[in-house]
Amino acid sequence: MSSKTDGKFGEYGGQYVPEALMPAIEELTDAYERYVLDNEDGFMDEFRRRMREFGGRPTPLQPAEQLSARYDTDVYLKREDLLHGGAHKLNNALGQVLLAKYMGKERIIAETGAGQHGTATAMAGAHLDMPCEIYMGETDIARQRPNVFRMRINGAEVTPVTTGRGTLKEAISETMRDWAKTVENTHYVIGSIVGPHPFPAMVRDFQALISEEARSQAQEAEGRLPDAVLACAGGGSNTMGAFHNFVDEESVDLYAVEAGGSSLSVDEEAGVAPNSASLSTGEEGVLHGARTRVLQDGDGQIMESHSVSAGLDYAGVGPELAHLVDTGRVDAVNVDDDAALEAFHRLSQLEGVIPALETAHAFAYLEEHRGDLGESVVVNVSGRGDKDLETVIEETAERDLSIAPDMDLFREIGGGML
Amino acid sequence: MTLSDAFDEPAFVPYLVAGDPDFGSSLSYVEALERGGADVIELGLPFSEPIAEGPTIQEGIVRALSAGMATERYFEFVERLDVDVPIVCMTYYNLIYQYTGTSGDAGGAAGERGPRPFVERAAGAGIAGLVVPDLPPEEASPLRAACDEFGLDLVFIVAPTTRGDRLDRMREQVSGYVYVQARLGTTGARDDVSEQTDASLERVGDWEVPKAVGFGIKTGEHAERIVAAGADGVIVGSALVDIVAEGVAEDRDPADVAAELAAKAEELKAGALAGAKQRTPPEHT
Ligand SMILES: Cc1ncc(COP(=O)(O)O)c(C=O)c1O
């Protein structure tokens, strides 16, 4: 392999993929090094320009006044929910679709969990005139309908994946299978910092716009760096994006908040982990092309994960994040479904920001650890919650949350929808 | 007999998923393949994320896993098999990497992870070699070392897209035979036999190990053409897993399914032998 990047993060990372994909991965590694790392042909300049003009960057770093008062801490929101498409996903999708253009590819494929990455890829595909096909688990299709429509409206094909439990893990496997057949003219736009090298490093570099901006915005607002940065972690792309430019600053604590789901315990017999906390409870293993932390049974069979938020519902995590957790640089923490749901309502009511359920996990951690995160805290608002409204209405109705608005009203108005 | 000796005459190399659709039937299916003329048997140890597999084999894997197939059980399966031909274990790297042996096992540091305990156990069960579709040569050194230590062969898959340095790296590490992937994509039976086969065979033409071609071979006629084109063997998976799947769908007596597998094996083996007769004799210079 060429020299600049070896794709290893400590013991993690690597390229565990079928041979048919290796030439495509080598070609991609070469393109990553030339265009992304060396800005050949002004690639990164064009990427940044399009992220401004099409994406709406920079996103604000907003002081959250009510939360700050509640926690007696300066809380700042990095508003990736205001990025075009409503989530941080466009940073990566646009970067990769543009790269595919530079590489002369003719077609884009992608997997999606919550539908946010698929939506962002469909938008970037339309914007850059690239046909795209999105693989999505059928369970996720059912719980993320608005995003399925958005993808279709942007002109993407949406192909349901029916194997397994029909969530992100199966969608990734299926997209890899498509790629194995079509590598010669197709680029696979992976949706997080997962998969074989160079994906984890490349996706991080595109997402690093988040912390690049947040860092200078924080300097401007407070004249210093924050004491802590919080981000939810599924695969970990908004997480590494929010952390990257702070990793070398030892004074900044980094918290990756995973989905504790309904429980942290694991049912080996059934092969089910009722959570998606691969950093907190997973073991080292090889999944989807990389060595990383994985939810698996004693034999190494991958478990079915769970989270109320589709975007965190994944049995693996990016190798770089796993490494930073092992070395102690990043704290892996988790909150359960109930706490995330409460945090969803709290942020909506206190700040007028409806967060994605994924994002709500970070706010739930803030609520639980209000006192010990320092005087200035940045929370990455990875996405907005519009896509989750149906789920939230259902899940709230099942629980007794004092903070939630009266859901009976929703049931009456939204009767048809439910 | 070593793995490469099994290719002295054109070899038929069938693949089945161990434990598909259940332990007992699967044992009889594998044995039927040997009766039908198999020279080497590739036996899948099912993994939950088989990214190199098409729908037919994926479904076989799901059937086997739901019937309780697991790593230790797989080794018991191999030990129970009454066959004389070499068995090659085909699986994904995570299962090899996670295996720590049965608890209380003598030898081997307790809880030792990595390829060594798996390879040691495989050798003990009488397995002759391994094929690991998600392990490219760049990541294979620990497994290669363990295979050398315990006398197993490590088979690599050469894809239609494999060229240059990558071919050299594989050539250095491969043993037993080289698995020549006939066309791009995942496994699955096809009606056409790809033209990419000739080109792929040519790229490994001067390798010392036997060349076995797989992906999409379905009939005796395919086998004949592939061997005529210069292959030392044909690997057939999905066309056989299809027979197992039909047996499940139609609720057939496992003995009938086994008989059909044996008949299919005979057809494929006969095709391979017929192909050898059509080969252009080597040119003399
Ligand atoms: C809004 C939002 N946040 C977070 C995630 C989780 O992804 P990652 O951990 O890669 O940031 C998703 C995934 O779909 C998402 O839509």
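The values are calculated or read from the model by the stated rules, or taken from the named source; none is laboratory data. Everything numeric in this text was worked out from a predicted model, so none of it was measured. With ideal geometry, Cβ positions are generated from the backbone for all residues, glycine too; neighbour counts draw on all protein chains shown. Protein only, heavy atoms only, side chains kept; ligands, DNA and RNA dropped before computing areas. Shrake-Rupley method; radii C 1.70, N 1.55, O 1.52, S 1.80 Å.
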Karplus-derived HN-Hα couplings along segment B:167-178 (A = 6.51, B = -1.76, C = 1.60, θ = phi - 60°), whole Hz, x at Gly and Pro: 4, 5, 4, 6, 4, 5, 9, 6, 8, x, 7, 9
For segment A:149-164, 3J(HN,Hα) per residue [Karplus equation, 6.51 cos²θ - 1.76 cosθ + 1.60, θ = phi - 60°, Hz, x = Gly/Pro]: 5, 4, 4, 4, 5, 7, x, 8, 7, 10, 10, x, 10, 9, 6, x
For segment A:174-213, residues shielded by at least 30 square angstrom of accessible area compared with the chain on its own, probe 1.4 Å: A:Arg177, A:Ala180, A:Lys181, A:Glu184
Full-stretch length increase - A:Ala126, A:Asp248 - with 0.36 nm per residue and alpha-carbon distance subtracted: 40.2 nm
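At a probe radius of 1.4 Å, figure out the A/B buried accessible area, summed over both chains, and give it in Å² to the nearest 100. Don't skip to the end; give the middle numbers.
Values: alone 15570 and 12290 Å², together 24890 Å².
Its buried surface, counting both partners, is about 3000 Å².
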Amide proton proximity set for B:Met90, modelled H, under 5 Å, gap of 5+: B:Leu43, B:Gly44, B:Leu45, B:Val131
Antiparallel content of DSSP bridges confined to the protein assembly as shown, in %, to 5: 20 percent
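Is it possible to state the helix-based mean residue ellipticity at 222 nm for chain A, with each DSSP H run of 4+ residues giving -39500 (n - 2.57), the sum divided by total residues, to the nearest 500 deg cm²/dmol? What is it?
The helix contribution divided over chain A gives -12000 deg cm²/dmol.
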Gap separating the Cα centres of segment A:95-148 and segment B:216-235, nearest whole Å: 39 Å
Theoretical FRET efficiency, 1/(1+(r/R0)^6), r = Cβ-Cβ of A:Asp30 and B:Ala145, R0 25 Å, to 0.05: 0.25
Net lengthening on full extension, B:Lys277/B:Glu246 (0.36 nm per residue, minus Cα-Cα): 7.8 nm
Stretch gain in nm, segment B:Thr2-B:Glu76, where the contour uses 0.36 nm per residue and the Cα spacing is subtracted: 24.5 nm
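Let's test the formula: R0 of 56 Å, r as the Cβ-Cβ distance of A:Asp6 and B:Asp253. What FRET efficiency results, to the nearest 0.05?
Using R0 = 56 Å, I get an efficiency of 0.55.
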Å² per residue, accessible surface of segment B:4-277 at 1.4 Å: 35 Å²
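Can you tell me how segment B:4-277 classifies by the Cα gyration tensor, rounded, prolate or oblate, using a/c under 1.5 as the rounded cut?
Cα axes put segment B:4-277 in the oblate bin.
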Label-point separation in nm, A:Arg224 to A:Ala69, each point 7 Å along Cα→Cβ: 2.5 nm
Threshold 50 Å², segment B:35-82 residues less accessible with all protein chains present than alone (1.4 Å probe): B:Glu49, B:Ile51, B:Gln58
Per residue solvent-accessible surface (Å²) - segment A:1-148, probe of 1.4 Å: 35 Å²
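Under a point-charge model restricted to the Cβ atoms of Lys and Arg (+1) and Asp and Glu (-1), what is the dipole moment magnitude of segment A:6-68 relative to its Cα centre, in debye to the nearest 20?
On the way: 7 positive and 14 negative charges, 98 e Å.
The calculated dipole for segment A:6-68 is roughly 480 debye.
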Compactness of the protein assembly as shown - radius of gyration and Dmax, Cα, Å: 26.4, 90
Accessible surface of segment B:4-277, 1.4 Å probe, proportion on carbon and sulfur as whole %: 45 percent
Accessible solvent surface per residue of segment A:311-351, calculated while the other protein chains remain in place, 1.4 angstrom probe, Å²: 27 Å²
Pair A:Ala142, A:Glu398: separation of 7 Å Cα→Cβ label points (nm): 1.2 nm
Cross-link table B:Lys218/B:Lys264; B:Lys211/B:Lys277; A:Lys8/B:Lys211; A:Lys89/A:Lys169; A:Lys89/A:Lys387, entries beyond 21 Å C-alpha to C-alpha: A:Lys8/B:Lys211
Separation between Cα centres of segment A:330-365 and segment A:227-265, rounded to whole Å: 13 Å
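If you build the Cα gyration tensor of chain A and take the root of 5 times each eigenvalue, what three semi-axes come out, in whole angstrom, biggest first?
30, 25, 22
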